[in-house]
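Reviewing the structure listed below.
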């Protein structure tokens, strides 16, 4: 593994997050197991603080800022879940946060980011360079940039998801054949895969992405990082990263069994299933791994499968429309 990150970093992150982040459970539906012909265990990170796994990495990274630099605050760029995680972590530590968000981000994510005390700066996905904007703000305020995924401390924080999965599986005395993880920039799946490689090395870990944003899947197949087409479209707003991160791809190419991609149609069905069978409200990006299991994108027959549902920050109108369309279909 790259020397920048080890499973010990993830264990240290778990200690840092103890009492700050929630340890989310593994949920199960006997009726869903019966329909799918497998044992399906759901890791519901919509129950996490701020409604997604992103708080884990944000708090872990901000906790490592030197005390002399803390008062300058932090800067981040995000479509919403990382934004909220950074905003809350900064609020908990009493420091300012400035978040660069796309103008078309879901209103619930914008409103919550502001409610946690952060200043929101908007940009246009099609015409603006969010990293250039973040560099400008960082220099202006002498702040610390909190990247959404390509940072060892962020990946370590997200990897606590995998540590909790492994601990719960051990407690239940069962072995997982597959772990399916949503993937945008790749931090969550990299951290989870790094943990599982140590805690349950026979378990296969797959990244799952929207079909028009399957840069990690294509990069894994090619052996080098590939970008998404600029005209790609998906309702999975949390997973629209332009390309895999450098560090996340280095980890994922060594650790993952492969990359999967699902359609928006499959995602809508997964959101409906989560609501009907598990009583969970998922945002589109949070449901891609469940979509892969439900749609047959990966073979789950007679296997034990863990699905990470990464977040639940979805506008009420969007949730209503997606479920309405899924029921009609």
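The values are calculated or read from the model by the stated rules, or taken from the named source; none is laboratory data. What you see is a predicted model, and the numbers here were worked out from it, not measured in a lab. No Cβ is skipped: glycine too gets one built from the backbone with ideal geometry, and neighbour counts run over all protein chains shown.
Before moving on, here are some points about what is shown:
The rows are residues; the columns are (1) crowded, with 23+ Cβ neighbours inside 10 Å; (2) within 18 Å of residue 154 (Cα to Cα); (3) in contact (Cβ under 8 Å) with a residue 60 or more places away in the chain.
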| position | (1), (2), (3) |
| --- | --- |
| 211 | no, no, no |
| 214 | yes, no, no |
| 222 | no, no, no |
| 244 | yes, yes, no |
| 250 | no, yes, yes |
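- For residue 78: the one exception among (1) at pLDDT 95 or above; (2) within 26 Å of residue 6 (Cα to Cα); (3) surrounded by 24 or more Cβ atoms within 10 Å (Cβ to Cβ): (1)
- Cβ-Cβ distances below 7 Å connect the following pairs, each with a first residue in the stretch 120-144 that is within 17 Å of residue 65 (Cβ to Cβ), a second residue that is assigned to a helix (DSSP H, G or I), and a separation of six or more residues or different chains: 143/137; 144/69.
- Of all the listed residues (56, 22), the sole one being farther than 18 Å from residue 131 by Cα, in a loop (DSSP other than H, G, I, E, B) and in contact (Cβ under 8 Å) with a residue 24 or more places away in the chain is 22.
- Options 239, 178, 188: the member that is touching a residue at least 12 places away in the same chain (Cβ under 8 Å), touching a helix residue (DSSP H, G or I) at 6+ places or on another chain (Cβ under 9 Å), more than 21 Å from residue 85 (Cβ to Cβ) and buried (at least 17 other Cβ atoms within 10 Å of the Cβ): 178
- Among the residues here, residue 15 does not qualify as farther than 27 Å from residue 275 by Cα and either in the same structural domain as residue 105 (by TED's automatic domain parsing) or assigned to a loop (DSSP other than H, G, I, E, B) (or both).
- If the condition is being outside any loop (DSSP other than H, G, I, E, B), in contact (Cβ under 8 Å) with a residue 60 or more places away in the chain and over 14 Å from residue 265 (Cβ atoms), then the stretch 276-301 contributes 277, 278, 285, 286, 289, 293.
- Single residue of the stretch 59-75 satisfying the filter (in a helix (DSSP H, G or I), out of contact with any strand residue (DSSP E or B) (no Cβ under 9 Å at 6 or more places or on another chain) and touching a residue at least 12 places away in the same chain (Cβ under 8 Å)) that is nearest to residue 4 (Cα to Cα): 60
- Condition met for residue 47 (touching a helix residue (DSSP H, G or I) at 6+ places or on another chain (Cβ under 7 Å) and either surrounded by 14 or more Cβ atoms within 10 Å (Cβ to Cβ) or under 30 Å from residue 296 (Cβ atoms) (or both)): no
- Single residue of 149, 206 found to be buried (at least 17 other Cβ atoms within 10 Å of the Cβ) and in contact with a helix residue (DSSP H, G or I) (Cβ under 6 Å, 6 or more places away or on another chain): 149
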